[in-house]
Amino acid sequence: MKATLFSLFALSVAARPLPSPGEKPTDVRNIIMMVSDGFGPASETFARAYVQQSDRFPMNYMSFLDELLIGSSRTRSSDSFVTDSAAGAVAFASARKTYNNGIGVDDNVKPIGTNMEGAHRLGYKTGLVVKSFITDATPAAFAAHVATRQMMDLIAEQMGGLTDLGQNVDLMFGGGRCQFIRNSTKGSCRTDDKDVWGEMGKKGWTLMSTNDEFKALTASPKLPLMGLFGLDDVPYTIDYKISDVPTLPQMAKKAIDILAEASKDSEQGFFMMIEGSRIDHAGHENDAGAHFREIVEYWETIKLVSDYIDEHPDTVMVSTSDHETGGLGLGRNNQYWVYPLVYANQTMSQQVSCANLFKLPMKNRCQYVTEVMFPIHFGLSNVTRAKVSSVLKATNQDNCLLAISEALAIDANIMWTTFGHTGVDVNIYAKGKHTEELAGNHENTDIGMWLSKMLGVDLKKATERVKDINVFQYPYIKDSSTYVFTPSLDYYHK
């Protein structure tokens, strides 16, 4: 009976007609959507507590983000109480609930228009700034249409303007260059030999892959522009020192400057999405030290956007999360204290430290764990034999991450409940005119509809324009005429 009621509820949510967003305000020109992927209320509390204690701020200290708190958002998808990033982002991009893993499609696997596509057609300059693969779920949901998020080859082609979808994004900064280079090239992660990077260059894209190229960018480069600063994700903030890449605030600032300059003489302004992608990744890895540093970097990005709005009051910003990741708990085992400064001397992400461990022969691993990993990477001295043993017993990356996470979490008296997502509500932060409309508790689709209103986008028309787009990619299907897609049974990717 419960399953039946749940299914009926999911169908009722999916079947609701798309409401009219209302008339576009005349006093709004630029819209910035910010997504703090995997960032829940407990994570904000933990990051604030760390900074407050580390810098000896007063008890009533508030982060830049705290000052903009306006409401909360429910996060469920159409087929699950616990959403993934694909369905979570579709709610913002298209104001629709869809199934976990779906990108730019409805529950019937039919393409649906996005706010970014509609805005671009209206004349807005558009941009995506992320630290993940640019083809990952959140950015893809604004500019692509595929049956499942794993179809990244097709996503890359769509985002690059190489399909009948056309070009809808003027600027993209992030990672994931491996998805754009032919599979015969070292470092490629494509399943075919298509040179998407080269084809985009031939179609007029300005392409870059290094920090030196990024630093040389002026405010008026030739658009469209794509800068992918890693074959995979842009590194964690904590690992910047071993990587030569632009930071999230640097990418966001440059993107705002470029899009503002490109749209200064047009009737419309710009619309962009900025994602703190790796807050989520650190949550999946239960790496609190990397997690809160990603949050602090996101605060810095929020601050620069806030400053821009102060100088340009025709700009509005909303920031929220697609879901919470990790199930972070502050306090454990009935002990009423939390000590976030355990992570003060962490110098490397658990991901990189554990990866380095498995590059070593077995005979050298004990020395690495006792003399490098714990004391240097994680700032722990006098580590117990049990903690060392738990790391040395790890036979793969996940086991190593768990061992390190638990070793630190015990000392900090925090607890992670999962390596995945949870179904809790997340906070909404906003600044600018008309953001009072987001006060209180909302469905995540309400945020997507608010964006439509600010932009003046008609999502029904946007959907009509993309209704015949191909959303399937080999090798996921070989014969689309006989293929039956079952979203709920599709492979889940965190």
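The values are calculated or read from the model by the stated rules, or taken from the named source; none is laboratory data. Quick caveat: nothing in here was measured; it's all calculated off a predicted structure. Neighbour counts run over all protein chains shown; Cβ positions are idealised from the backbone, glycine included. Side chains included, ligands, DNA and RNA excluded: accessible areas come from the protein's heavy atoms. Shrake-Rupley method; radii C 1.70, N 1.55, O 1.52, S 1.80 Å.
Just a few scattered comments:
- Enumeration of residues in the stretch 314-347 that are open to solvent by less than 30 Å² (accessible area, probe 1.4 Å), small (Gly, Ala, Ser) and part of a loop (DSSP other than H, G, I, E, B): 321, 326, 327, 331
- Residue tally, condition buried (at least 21 other Cβ atoms within 10 Å of the Cβ) and closer than 16 Å to residue 294 by Cβ, over the stretch 348-364: 4
- Qualifying position, being crowded, with 17+ Cβ neighbours inside 10 Å, in a loop (DSSP other than H, G, I, E, B) and small (Gly, Ala, Ser), among 63, 43, 73: 63
- The set of residues in the stretch 228-248 being open to solvent by less than 50 Å² (accessible area, probe 1.4 Å) and over 17 Å from the mean Cα position of the chain (by Cα) consists of 238, 239, 240, 243, 245.
- Every residue from the stretch 188-227 that is within 18 Å of residue 256 (Cα to Cα), open to solvent by 40 Å² or more (accessible area, probe 1.4 Å) and among the polar types (S, T, N, Q): 218, 220
- Odd one out for residue 371, checked against (1) acidic (Asp, Glu); (2) more than 26 Å from the chain's Cα centre (by Cα); (3) in the same structural domain as residue 324 (by the TED database): (3)
- Within the stretch 77-89, none of the residues are open to solvent by 10 Å² or more (accessible area, probe 1.4 Å), modelled with pLDDT of 95 or more and not in a loop (DSSP other than H, G, I, E, B).
- Scanning the stretch 362-393 for residues that are assigned to a loop (DSSP other than H, G, I, E, B) and of a type outside the set (A, V, I, L, M, F, W, C), we see that the one that is farthest from residue 343 (Cα to Cα) is 393.
Here is a yes/no grid of residues against (1) farther than 17 Å from residue 163 by Cα; (2) not aliphatic (A, V, I, L, M):
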| residue | (1), (2) |
| --- | --- |
| 186 | yes, yes |
| 195 | no, yes |
| 198 | no, yes |
| 201 | no, yes |
| 204 | no, yes |
| 210 | yes, yes |
| 217 | yes, no |
| 222 | yes, yes |
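- Checked against the criterion of being surrounded by fewer than 14 Cβ atoms within 10 Å (Cβ to Cβ) and within 26 Å of the chain's Cα centre (by Cα), the candidates 422, 384, 417, 395 yield just one match: 417.
- Out of 186, 131, one residue alone is more than 17 Å from residue 35 (Cα to Cα) and of a type in the set (D, E, K, R). It is 186.
- Options 303, 254: the member that is under 28 Å from residue 444 (Cα atoms), in a helix (DSSP H, G or I) and over 17 Å from the mean Cα position of the chain (by Cα): 303
- Count of residues meeting criterion [over 25 Å from residue 252 (Cα atoms), touching a residue at least 40 places away in the same chain (Cβ under 8 Å) and open to solvent by 30 Å² or more (accessible area, probe 1.4 Å)] in the stretch 137-187: 5
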